[in-house]
Amino acid sequence: MTSAGQLRHATIVQGMNRMPGLLKLGSFLALLFLPALAMAAGGAEIQAMSVEYRDVPGIGSRNLVWVVAQQHLLLAGFVLGVPIFAWICELVGWKTKEQRYDKLAKEFTKLLTSAYATTALFGGILLFLLIGLYPKLMAYLTDMFFPSFLVYCLLFLLETATLYMYWYGWDYMQGNKKTFHLFLGFLLNLFALGIMIVPNSWATFQASPVVVGEGDAWARAWMAMKNPTWWPVNIHRLIANVVLGGFIVGAYAGVRYLLAVSREEREHYDWMGYVGNFIGVFGMLPLPFAGYWLMREVYQYNQQMGITLMGGFLAWLFILQAMLIGVLFLGANYYFWLGITHRIPGSEGQYKKPVMGMLIVLLLCLGVWMTPHSLVASLAEAQKMGGTHHPLLGVFGVMSAKMTVSNIMILVTFMSFIMYWRAGKQETAGWAKAAKAIMGALLVIAGIAVVVLGVWGYFVPAIIRINYFSVAQVLIVLFIMVTFTPLTALLMKSAKTTTEMVWGKMPIRAGYSLVLNAVMVILLMSLMGYARSSSRVHWHIYGVMRDTSEYAYSPALGYAAAFMSLNTFVFCLIVAFIFWVATLGDKAKAQPPKGSPVDIPSHTAPAMAGGAPSSGEKLE
Amino acid sequence: MKGPIISGAIILAGMFIFLKFLLPLVTAPLPASLIYLYLALVLSGILIYGTMSASSLEAMMGPVFRFLSGKGQTGASQMARLAVLVMFPLLVGWQTYSRLVPSDLPPAENRTIHPAPPGEFVGLANPYPKTPENIMMGKGLYAAYCSPCHGANYDGKGPAAPGFNPPPANFSDPGTIAQLQEAYLFWRIKKGGVGLPVEGMPWKSAMPRWEEELPEEFIWKIIMGEYDGAHQTPRTWEEEE
Amino acid sequence: MSEVALLQIIGMCVIGVGIIILLFIKGMFLRVLGFVAMVLGVFSLIALSVPQMASLPPAVETFDIASVKSPDDLASIGQKIFFSKGQCALCHSIGPSESARCPDLSGIGAKLSPEFIYESLTQPQAYIYLDFRHDGIPKEYPAQMPHIDQDPIGLSKQEIYSVIAFLQKMSGEPISIKVEDIMESVEEPDVSLKVASVTSPLNSQTPNMADR
C-alpha cells in the first residue's frame, strides 16, 4: 500500500512541474489528503473482486442513482448557469450605469450561495452511492481518472473561495473596485467551467471510450479525458446552463410576480422576468447547433450508438424532445407577444397580423419536427401505408427536414425578439426606411435559402448534406442574427419612443408561461441526459465494461418519462425551497403595507385559462 | 357564442377533414396518432392566438365561461348548459370504455424500421470493386433471390409481396437504402428478420437469413446491384475523392 | 394491473389534483405547483401513450473452459471477446472501414503466425511492421496499441488464445490453437511462449519505430 502511495506521490510531483504556481499550491494541499485517498482506492479494488454491485431493496440501485444524479446535475447546471447570468447582468449594469441590473445580479448571487451547498450535498450523496452500489465501475474509473479527481477537488476549492469573495465583497467592491469585482466574477465562471468539464470527461469516457496507452497516471488520465464527445458535451452543457439559468430566473420572477402585493414589486419582477426570458431565449438559439455537433461526433465515433439514438430504440426520446422544444419555442414567443400587447398600450391591432404569421410558421415547423420517422400505427393503418413509414409524410422523418425547420424556428423567434425591441418606437434616421427594406429582403432570402437547402438535401449524398448544406443553413441563420442585432441597435439609438413601455401590467398567464418555460428546460435536460446515458445501453463503459447487474436493461419510454417528471418536480421543489430560504431575510426587512389590495389584472377567465378568479366571482 | 370560438372550431374541423378525408385521396391514409398530433398543434395555435391580449381573451373565452357558469341564463341556454354538464362526464366515460373494451384488433405498434446493427457489422466496407461485371452479377443474383418479394423494379412490389405485412422494403424510395450504408444492408441480408433487435420486432419480418444460402461475396454483389438498379447511392461518412 | 396502466393512473391522478388545485385553491404558490404537476402529468401520459417496449441486454458471455469442445467453440468465444472485453473493435475493423482508427485486421490470421499475434498483443512495441502506413488524412483519434494482457483490458492467456483462434477462423485459416493448449495454460499459467523466428517478408524487424 505504501509503495503504491509513494508511486502516486512521485507521479504527482512530476506532474506538478508542468503546472503554474497557483495550481502547485492547490496540488500541495491535495497532496496532504493523498494517502487517505489512495487507501480508499486500494480498498475499492479489493472489494471489487468480491462485490461488483450492491442493490437497494425496494427502489433499486439504478433508480436511486438516477434520481440523485439527476438532482445533482440539474442543481449543478443551475449553480453554473446563474453565475453566468449574474455576471452578464453585473457587466451590463456597470456599462450602462443602471443600478437595477447590479441589484438583480446581486439578488441571484445570494441564491447561489445556498444552491451551491445543496449541489455539493447531492454530489456527495451521489459519490457515496456510486462507490457503494457500483464498486467495480468506480474502481475502474478511479484507476483511469484519479489525477483528474485531484484537479476537480482543487477547482472546487478555488470556486468556493472565489464565490465567497464575490458574494461577501459585493458591497465593499463598488465604485473603483468594481472592475476587480467583475474580474472575480469572471474567475468564478472560469473555475465553474473547469468544474463542469472535468467530470464531463468521466461521463463522456463512459459513452465514447478511447484506448489508453502507456504513460504515467497524469498522461493516462489526460488520454482518457480527450475522448471524441468530450468537447461537444462541454459546449452543449455550457450553453444549456445559460439557458437553464435564464429560464429559472424567469420562473422565479414569474412566481414572485404572481405573489406580488405592491406595485413596485410587480414592476420589478415583471422586468426581471423579461430579462430572464431574454437571456434564456438567446442562449437557446445556438443550442441546436451545439446539439447537432454532438450527434455528429457520436455518429462518427460509433454508428451503432448513433443509430440507437436517432433511429433505433431511443428515437422516441427525440420526438419527445421535439415536442418539449416546440412548447419552449411557443412559450418563449408567447411571452414576447404578450409583452408587446400588454407592456405597450394600444399596440394590439398593429401586431395582430405579424404575430399570426409567425405563429403559423412556428406551428408548421413544429408539425414537421414532431412527425416521427417510424409512426405509431395499428395493423390496418400500417398495411395501408405499406409499413410504419408514411409514403408522403415519411420525408418529414429524416434529418434534412428537421434541421430545416429548427433553423426556421430559430429565425422566427429571433424576429419575435426584434419586433419586441422595435415595438412602440419610431425610427427617425433618414436611412431607416432603406435599412428596414434591406432587412426584410434579407430575411425573406434567408428563409427561402434555408428551405431550398433543406429540400435539395434530399437529393444529394448524406455526407454532402451534413458537411455543406446543414452548415450553410446554420451560417445563414447566424448571419441574420449577427447583422440584424447591431443594425437594429443603430436604428433604435436614434429612434424616438412613441409609446413608453409599462411594466407590471402583464396578465397572470405571462407568469405561468415563464414557469412553463422553466419546467420545459428542466424536463428537456432530464430527457436528453437520459438519452445520453442510455445510449450506452447495457454497457457501463461502451464496448469495454458491461453492465452485468439486473438493471442492465433499458426501461420503456413511459417508465423513463415518469422518472424524468418526478425528477423535474423534485428539482422544482428544491429550487423553490432555496429561493424561499434565501428571501426570508428580505421579508423581515420589508413588511408589505397592510391593506394594499392585490391589483393583478384579472379577467373573467378562471384559473385554468390563466386568468385569476377575482374575489367577487367564484367558480363553482 | 360567436367570433373566435366559431372560427377556431371551423379551422379545427377543416383541418380534421383535410387530414382524414382529403389527404388520403392523394396518398396513403394517415395513422390516427399523427392526426391527433397535428390537431393538437392547431388547437394550441388557436389558444395562443386567442389569449394574446385581454380583449381577445375575453372574445374567445368569455362566452364559454358565461355559458358554463350559468349566470342569468334562462330557457334554452340553461337546458343546453345542463345538457353539456351531463354529457361531458358521459363522453369521458365512453372514451374510457372504448379504450378498455377488448377487441380483436392487435394493439397499435411502434416498430423501428432501421434499428442499430450489432457492433460486428458497423463500418464494414464493400470489399468488391464497383465494376460493371460485379454489378451485373449482383443484379442477376438479385433477380434470382430477391426480386420475388422486392420486385424486379426494386420497388417492393414483387409477385410474392402482397402476402406480407409489413410489406417488403421499397428500395426506390429515398427513405430506405439511400439512408443506409452498405454495411447495414449486409447485416440485414445476412441475418434476416430473426437477426433484428427487439425494437425492430424480429417476429414481424419475413426476411430470410441469407447467410444460410449465399456466400458473403454474393451478398456484397447483390448490394451493389440493388443500389445500381434502384438508382440510389449508399450513405457514406467520408467524401469520395 | 400492468405497470403502464399503473403509471397512467398515477399520471391522471396528478393531473386531476392539479386541476382541483387550480379550480379551488387561491394560494398562488400552490397554484403554480399544481400547474407544474399538470404539465408533468401530461408529459408522462404522452410518453405512456406510445407503445411501450423495454430493451433487454443480450445474454452475458462467460468464458467457460468446460464448454469448449472444439476449436470452433474457441473461435466463437474469441469473437465475443474481440467485440467486447478485449476492446479490439474500438479501433480495429475487420475488412475495410471508414471509421476505424487502426489497421484493418481482415486476413490477419492467415498472414501472421499465432505466436507473432500473441507477441503483438502482449508486447506491442517489440516488432513494428515496417510496411505499415496510413493512407490519406491522419485519423482524428489515433491510438497506440495497448498491452492486452495488462490493465485496463487485462485479458487472460486463454482469452488471448481464443481471440487468436477467432482471427484465424475469420481469415479462413485452419485454427492452430488446440483446446488442450488452453487447458494446459490453465494448469501452468507461466508457460513461456516461444516466439518463432520471423521469416516472413511481412515482418521486417525494426524495433522502436513508431507507427506514426
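Just so it is clear, none of the values below were taken in a lab; they were calculated from the coordinates. Computed from a predicted model, the values in this text were never measured in an experiment. A quick note on method: Cβ atoms are made from the backbone with ideal geometry, for glycine too, and the neighbour counts reach across all protein chains shown.
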Check: Summing -39500 (n - 2.57) over the DSSP H runs of n ≥ 4 in chain A and dividing by its residue number, what mean residue ellipticity at 222 nm do you reach, to the nearest 500 deg cm²/dmol?
Finding: -26000 deg cm²/dmol
Check: Which cross-chain or sequence-distant (5 or more) residues have an amide H under 5 Å from the amide H of A:Phe313, H modelled 1.01 Å from N in plane?
Finding: B:Ala116
Check: Tell me, what ³J(HN,Hα) does each residue in the range C:2-9 have, in order and in whole Hz, if you take phi through Karplus 6.51 cos²θ - 1.76 cosθ + 1.60 with θ = phi - 60° and put x for Gly and Pro?
Finding: 6, 4, 4, 4, 4, 5, 5, 5
Check: How many Cβ atoms of partner chains, on average, are near each residue of B:191-204 if near means within 10 Å of its Cβ?
Finding: 2
Checklist line | Kirkwood Rh and Cα Rg combined as Rg over Rh, evaluated for the range B:4-100 | finding: 1.06
Item checked: Full-stretch length increase - A:Val455, A:Val92 - with 0.36 nm per residue and alpha-carbon distance subtracted -> 126.5 nm
Next item on the list: Report the trypsin sites (Lys or Arg not before Pro) located in the range A:72-142 that are in a DSSP loop and have at most 13 other Cβ atoms inside 10 Å of their Cβ, or state none.
Entry: A:Lys97
Notebook entry, point to check: Expressed in nm², what is the orientationally averaged projection area of the convex hull enclosing the Cα positions of the range B:119-230?
Noted result: 6.7 nm²
Item checked: Average beta carbon contacts from partner chains per residue of A:294-305, 10 Å cutoff -> 4
Check: What is the spin-label model distance, in nm, from C:Ala126 to A:Met419 if the labels are put 7 Å beyond Cα along the C-beta direction?
Finding: 7.3 nm
Item checked: Distant-in-sequence amide H partners of A:Met545 (H built 1.01 Å from N, under 5 Å) -> A:His540
Margin query: Out of the GluC sites (Glu not before Pro) in the range A:94-169, which ones are loop residues according to DSSP with at most 14 other C-beta atoms within 10 Å?
Written below: A:Glu98
Next item on the list: Just tell me how shielded A:572-585 is by partners: mean number of partner chain Cβ atoms within 10 Å of each residue's Cβ, no decimals.
Entry: 1
Next item on the list: Describe numerically, in nm with one decimal, the distance between label points set 7 Å from Cα along Cα→Cβ at B:Ile10 and at A:Val482.
Entry: 4.7 nm
Next item on the list: Work out, step by step, the length gained on full extension between B:Glu213 and B:Leu91: first 0.36 nm times the residue separation, then minus their alpha carbon distance; give nm to one decimal.
Entry: 38.2 nm
Check: Can you name the helices of chain A, as whole DSSP H runs, whose Cα span along the helix axis is 30 Å or more and whose Kyte-Doolittle mean is not below 1.0?
Finding: A:61-96, A:178-207, A:230-259, A:315-343, A:348-370, A:399-422, A:432-456, A:470-494, A:508-534, A:557-589
Check: Applying 1/(1 + (r/R0)^6) with R0 = 41 Å to the Cβ-Cβ distance of A:Trp431 and B:Phe21, what FRET efficiency is obtained, to the nearest 0.05?
Finding: 0.20
Margin query: Taking the Cα centroid of the range B:77-135 and of the range A:340-367, what is the distance between the two, rounded to the nearest whole Å?
Written below: 34 Å
Margin query: Give the separation of the Cα centroids, the range A:158-227 to the range B:149-215, in Å.
Written below: 51 Å
Next item on the list: Mark the label point 7 Å from the Cα of A:Phe577 along Cα→Cβ and return the residues of the range A:63-93 whose backbone N is within less than 16 Å of it.
Entry: A:67-76
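Could you give the Stokes-Einstein D for chain A in µm² per second, using the C-alpha Kirkwood radius, 4 °C, 1.567 mPa s? Intermediate values should be presented prior to the final figure.
Numbers: Rh = 26.8 Å.
The Stokes-Einstein estimate is 48 µm²/s.
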Check: So what are the three principal axis dimensions of the range A:326-432 from its Cα atoms, in whole Å, longest to shortest?
Finding: 62, 28, 19
Next item on the list: Work through the residues other than A:Tyr530 whose Cβ is under 13 Å from its Cβ and net out their charges, Lys, Arg +1 and Asp, Glu -1.
Entry: +3
Next item on the list: Please state, as a whole number in µm²/s, the translational diffusion coefficient that the Stokes-Einstein equation yields for the range C:3-49 at 10 °C and 1.306 mPa s, with Rh defined as the Kirkwood radius across alpha carbon pairs.
Entry: 150 µm²/s
Notebook entry, point to check: Packing-wise, with mean Cβ within 10 Å as the measure, how do C:155-166, A:112-123 rank, highest first?
Noted result: C:155-166, A:112-123
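Could you tell me the calculated FRET efficiency between A:Arg296 and A:Thr498, based on Cβ-Cβ distance and R0 = 56 angstrom, to the nearest 0.05? Can you show the working numbers first?
Details: r = 47 Å, r/R0 = 0.84.
It comes out at approximately 0.75.
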Check: For B:Thr233 and B:Leu39 in one chain, what is 0.36 nm times their gap in residues minus the Cα-Cα distance, to one decimal in nm?
Finding: 66.2 nm
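Summarise the long-distance tail of P(r) for chain B by giving the % of C-alpha pairs beyond 28 Å. Please list the in-between numbers first.
Working: 15820 of 28920 pairs.
Of all Cα-Cα distances in chain B, 55 percent exceed 28 Å.
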Note to self: Quick query: amide H of C:Ser55 versus all other amide H atoms, modeled in the peptide plane; which residues come in under 5 Å with a sequence gap of 5 or more or a different chain?
What the structure shows: A:Ser554
Notebook entry, point to check: Relative contact order (percent) for the range B:134-241, with alpha-carbon contacts under 8 angstrom and 6 or more residues of separation?
Noted result: 35 percent
Item checked: Separation in nanometres of the label points that stand 7 Å from Cα toward Cβ, at A:Leu392 and A:Tyr168 -> 6.9 nm
Checklist line | Helix axis angle, B:54-69 relative to chain B longest principal axis, alpha carbon, degrees | finding: 70 degrees
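Provide the FRET efficiency to the nearest 0.05 for the A:Lys352-A:Leu157 pair, computing r from the beta carbons and using R0 = 51 Å.
According to the calculation, E is roughly 0.35.
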Item checked: chain B: angle of helix B:216-230 to the longest principal axis, Cα-based, in degrees nearest 10 -> 50 degrees
Next item on the list: Using packing as a proxy for protection, rank A:573-584, C:113-124 so that the peptide with the highest average count of other Cβ atoms within 10 Å comes first.
Entry: C:113-124, A:573-584
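Using the per-residue mean of other Cβ atoms lying within 10 Å as a proxy for protection, in what order, highest first, do the peptides C:106-112, B:162-168, A:329-335 fall?
For the peptides C:106-112, B:162-168, A:329-335, the packing ranking is A:329-335, C:106-112, B:162-168.
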